[in-house]
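Take a look at the structure set out below.
The values are calculated or read from the model by the stated rules, or taken from the named source; none is laboratory data. Quick caveat, the model's predicted, so the values are computed rather than measured. Because the Cβ atoms are built from the backbone with ideal geometry, glycine has one as well, and the counts that use them run over all protein chains shown. SASA here: full protein model, heavy atoms, side chains in, ligands and nucleic acids out. Shrake-Rupley method; radii C 1.70, N 1.55, O 1.52, S 1.80 Å.
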Amino acid sequence: MLRRAGVQVLVALVAVLVSMTALPAPAAALEATGSVRGVVRRADDQRPIRGITVAVRSTGLQTVTDAEGRFAISRVPAGSQVLVFRLFGFQPRELAVEVTGGRTVTADASLDLQPVTISEIVVVAASRTAERIVEAPAAVAVVEPAVARELSTTAQMPLALATVPGVDVVQSGMNDFNVNARGFNSSLNRRILVLQDGRDLSIAFLGAQEWNAMAIPLDEIGRIEMVRGPGSALYGANAFAGVLNIITPAPREVVGTRVTLAAGELSTFRADVRHAGVAADGRLGYRVNLGLTQSDTWSRSRTASDSLDLRREYGDTTFNRSREVRPLNGQELDPANLLTGERDPLRNQYGSARLDYYGAGGAVTTIEAGTARVENESFVTGIGRVQVTKADRPWARVNVATNRFSVMGWYSGRNTVDSQYSLVSGIPLLEHSSIYHVEGQFNQSLFGDRGRLVAGASYRSSAVDTDSTLMLAADDDRTDNTSSAFGQIEVRLNSWVRAVVAARYDDGSIFEPQFSPKGALVFAPHADHSIRLTVNRAFQTPNYSEFFLRVPAGAPTAGPRRLQTSLNAYLAAVAASLPPSVTAGLNLTPLPWNFDSLTLVQARGNRNLEVETVTGWEIGYKGNVGRRSFVTLDLYRNDMRNFVTDLLPGVNPEYPFYSLNEDREVVALLDTLDARLARIGLPTTHPLRRPVPLLRGGFNQLNAAAGPLLATLPDGRRALIVSYTNAGRVVEQGLELGASVHVTDRIRFDGSYSLFDFEVREQRLGDQLVPNTPKWKVTLGLRYADDRADLGVTARFVEGMDWAAGIFSGYVPASQTITLAGSYRLTRQLRLHGVATNLSDQRRYHLFGGSVNGRRAIVGITADF
């Protein structure tokens, strides 16, 4: 019902707004617009420049120059207009033009080379509206397009974030990444909200990302912004440690056809094609993407009968034994329990299409949809590794935007085509889920342009059905909703001080209402320098797994029932064989432990969990140092509460702890009985005395190994249960330093340093509350770029750390990773490119339980037409 209501609201809002922007313009209005065309060249040698953003100020109209430096903008309002030309590495330029209705005016421009200055960088994610990064009320960084472009051959978008200060990029397998900021990472990280053009990329059941399900290649992404620190005041749940904002270009910004082919180590193959264009006299823009990637993986099966595969894989004999019962897809266990066959390759097939309608006054209506099919990737989770055999990730988005308001609706789904499997238990897992989301936002200038208001509201409906493979039937096939309202007011107190106040209210059907405030002061005495003070609150909701999980945490065990049967049979034999004078005062009745023939070993959710919260204080500086460098420095302190623990025994009141000793002091009974049998002269080999040490040992073993896990199910049966609870308070603090220096116009040095520390103030007994974050990490980069070549080398140094998440707990060694990437333009249409990640082939695992990753070198060629 709620899902249907969400869809109806989405469709109604979109239909109204599309009709408003799509109405035919009166003839007089058409005559009042014209077109602007031109060519943009370098000032020093007059060579054309590709990728220059050309915008008509105050209209929302913009485009990007093609390989020949050409651009065209239609329906520009008649009269005096100002064109703004921008691109990293060139001095921005403004050009006044006089547009005549019904005609085309030519406006050529030439730009001077100039190192990037921080005052020229514009971001959107910090305030949900465009602003200079130097004035943004948050710690925010922009991944330079060249970095993303160089890494695009890998099809691994998170790698582009490794250069951002304070960001952890943890990799397991080829496409299993955890991206986090400022501590307390996990095997399925949800503390960073990841948006692509406003659409949440997370999976409904887990709330985490499936990075290989992106339906657009990395080199087709126009912009990547990373906001670090609590962000719920504008973005709501799960913007706990930051927001990753991915922006794709409009069709009119990438007109033409691009074909990419690449191949390399680990049997890697990639093929992409994109075509974009404009039609209907510039009123329509369209873009189509299709692609395929395939490769082997670093993940290995861990099914050896001696349970030592993990030790052998990691090359360390100190780890506990660990065994999975199911091998990776494509491999099998023969009758002798030996592994045979080859792993099936990882495969990702994707496609998307987008249509833009450019209406009057800069209004743009966007309709787009896509899907991705992911195959054979394995993911580290709290219950062990899970392999996705085949799953589809369809999505759709509709957006209507003007200069003052926008309304957007989107759908995101996940459908299991072939069962995914828990490798620990071997059971098949299914997920069919969908998220429907609609939101509106309004922007308004205040106090004669001395202030600005951003306000909006949203509604989300999430549906999940696991066919009772991941949740109990009573909790499964469910739909839940969240309603939210938010606002931010910015006021310029004087020429160099700006105050920002923001707040958001979220109310959901499975969590208590949350209020997320934020306050900031931004001091900018100069256009190229600012100091920021910020305090804000954020929250993270438990996911469906933490609320409602019901899966085996291991194979059922016959031990408890076998011990109970043996004990009861022994007590019956004693009662029947000995005179009452020997058994007087001893209770020999059957033990009421109520074990089934197979005792369940299960991980179960806790429906009474509360949200996790964080309150953060920050101070930051952004500024240019001289003409050729800029620096960012951020200090933070966070107070984090109500952590959702790892899976623990005895923490969920729905499954009360059951102590064997509550019903019978079994060891005392056996000892007393053994002593009486000795007094009447029975030797230790007698049939009535021989079982005593075996039964005593079996009971002690059961009580030690299973005792803390024993619980009573609602139907009265006994089981071994682990679950979640809220516990713990941590204060963390850290420093994030970033710098960029243009040594010359063609050579640039980049570097970042992050320092992290924490203090546990409260912790539940048995929980391993560790941050899963290194104390320090350093990234150094050197880049060379000219008209034909672009070459970059990045070195990342990460300190070793303790890791604990779910069933995996151990030490992650330090790593030193070098990435080399570059491209060379053969002709105006052809570009050769290559990348080698982990160039030195250093064998390291980034999280305990993950794969041991090595080098991957890929080369490719891109053709633009």
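Please list 338, 673, 430, 832 from largest to smallest accessible area, probe radius 1.4 Å, with all protein chains kept in place.
Descending accessible area places them as 338, 832, 430, 673.
Quick one: angle between helix 666-679 and the longest Cα principal axis of the chain, in degrees between 0 and 90, rounded to 10, please.
20 degrees
Leaving ligands, DNA and RNA out of it, rank 254, 122, 522 by accessible area with a 1.4 Å probe, largest first.
122, 254, 522
Just to be sure I understand the model, the point goes 7 Å from the Cα along the line to the Cβ. What's the resulting residue 449 to residue 671 distance in nm?
Distance between the two pseudo-spin positions: 8.8 nm.
When the expected Rg is taken as 2.2 N^0.38 Å, what fraction or multiple of it is the alpha-carbon Rg of the range 570-688?
That works out to 2.31 for the range 570-688.
In the range 58-158, what trypsin sites (Lys or Arg not before Pro) fall in a loop by DSSP, with at most 15 other Cβ atoms inside 10 Å?
Here the sparse-neighbourhood loop sites are 103.
Given N residues in the range 609-653, what is its alpha carbon radius of gyration divided by 2.2 N^0.38 Å?
Normalised Rg, Cα atoms only: 2.09.
For the chain, take the longest principal axis of its alpha carbons; what is the angle in degrees between that and the long axis of helix 691-705, to the nearest 10 within 0 to 90?
Approximately 20 degrees, to the nearest ten.
Would you work out the relative contact order for the chain, in percent, from Cα pairs under 8 angstrom that are 6 or more residues apart?
11 percent
Using the Cα centre of the range 617-754 as the reference point, and only Cβ charges (+1 on K/R, -1 on D/E), how large is the resulting charge dipole? Debye, rounded to the nearest 20.
For the range 617-754, the charge dipole is close to 380 debye.
Under the rule of at least 5 residues apart or a separate chain, name every residue whose amide H is placed under 5 Å from the amide H of residue 52.
Amide H neighbours of residue 52, under 5 Å, 5+ apart: 65.
Could you give each residue of the range 201-206 its phi-based ³J(HN,Hα) in whole Hz, using Karplus coefficients 6.51, -1.76, 1.60 with θ = phi - 60°, and x for Gly or Pro?
Coupling constants for the range 201-206: 8, 6, 8, 4, 5, 9 Hz.
How much length, in nm to one decimal, is gained on full extension between residue 344 and residue 589, taken as 0.36 nm per residue of separation minus their Cα-Cα distance?
82.6 nm
Å³ per residue of the Cα convex hull, for the range 420-505?
Dividing the Cα hull volume of the range 420-505 by its residues yields 142 Å³.
When the chain is fully extended, how far beyond the present Cα-Cα distance does residue 562 get from residue 129, taking 0.36 nm per residue of separation?
Residue separation times 0.36 nm, minus the Cα-Cα distance, leaves 149.3 nm.
Checking the cross-link filter: which lysines have an alpha carbon closer than 28 Å to that of residue 777, excluding same-chain neighbours under 8 positions apart?
622
Provide 776, 211, 593 ordered by accessible surface of protein heavy atoms (probe 1.4 Å), highest first.
Sorted descending by solvent-accessible area, the residues read 776, 211, 593.
When the dipole is taken about the Cα centre of the chain, and only Lys, Arg (+1) and Asp, Glu (-1) are charged at their Cβ, what size is it in debye, to the nearest 20?
Roughly 520 debye, rounded to the nearest 20.
Taking amide H positions as placed in the peptide plane 1.01 Å from N, state which residues far from residue 382 in sequence (5 or more) or on other chains have amide H under 5 Å from it.
Residues meeting the criterion, in which the H sits 1.01 Å from N, do not exist here.
Nearest 20 debye, what's the magnitude of the dipole of the range 131-250 about its Cα centre given +1 on Lys and Arg Cβ and -1 on Asp and Glu Cβ?
300 debye
Counting residues in the chain as N, plug N into 2.2 N^0.38 Å and put the Cα Rg over that result.
Normalised Rg, Cα atoms only: 1.08.
List the residues whose amide H sits under 5 Å from the amide H of residue 110, counting only those 5 or more places along or on another chain, with H placed 1.01 Å from N in the peptide plane.
41
From the helices alone, meaning DSSP H stretches of at least four residues, give me the mean residue ellipticity at 222 nm for the chain, per-run term -39500 (n - 2.57), in deg cm²/dmol to the nearest 500.
-3500 deg cm²/dmol
Determine the equivalent ellipsoid of the range 515-595 by diagonalising the alpha-carbon gyration tensor, then write out the semi-axes as square roots of 5 times the eigenvalues, largest first, rounded to whole Å.
72, 16, 11
Keeping all protein chains in the complex and leaving out DNA, RNA and ligands, what accessible area do you get for residue 510 with a 1.4 Å probe, in Å² to the nearest 10?
50 Å²
What ³J(HN,Hα) values, in whole Hz, does the Karplus curve 6.51 cos²θ - 1.76 cosθ + 1.60 give for the range 574-579 when θ = phi - 60°, with x put for Gly and Pro?
For the range 574-579, the Karplus-derived couplings read 4, 4, 7, 9, 10, x Hz, x marking Gly and Pro.
Below 8 Å, C-alpha to C-alpha, sequence gap of six or more: please give me the relative contact order for the range 583-728 in percent.
That works out to 38 percent.
Compute, for residue 449, the solvent-accessible surface of its heavy atoms (probe 1.4 Å) with the complete set of protein chains present, and express it in square angstrom to the nearest 10.
Approximately 120 Å² of residue 449 is accessible to the 1.4 Å probe.
Tell me the angle of helix 2-22 to the major Cα principal axis of the chain, expressed in degrees between 0 and 90 and rounded to the nearest ten.
That helix lies at roughly 10 degrees to the long axis.
How compact and how long is the range 105-197, expressed as Rg and Dmax of its alpha-carbon atoms in Å?
16.6, 56
Arranged from highest to lowest average of other beta-carbon atoms within 10 Å per residue, in what order do the peptides 454-461, 281-288 appear?
454-461, 281-288
Can you compute 3J(HN,Hα) from phi for each residue in the range 715-729, using the Karplus curve 6.51 cos²θ - 1.76 cosθ + 1.60 with θ = phi - 60°, rounded to whole Hz and x for Gly and Pro?
The phi angles translate into 8, x, 6, 8, 8, 9, 10, 10, 8, 10, 8, 8, 6, x, 9 Hz.
With the alpha-carbon atoms as the only input, what is the per residue convex hull volume for the range 480-630 in Å³?
In the range 480-630, the Cα convex hull volume per residue is 237 Å³.
Which loop-located trypsin sites (Lys or Arg not before Pro) does the range 566-647 contain, where loop means any DSSP state but H, G, I, E or B and the Cβ has at most 15 other Cβ atoms within 10 Å?
607, 627
Could you give the length gained by full extension between residue 635 and residue 292, i.e. 0.36 nm per residue of separation minus their alpha carbon distance, to one decimal place?
So the chain would gain 119.3 nm between residue 635 and residue 292.
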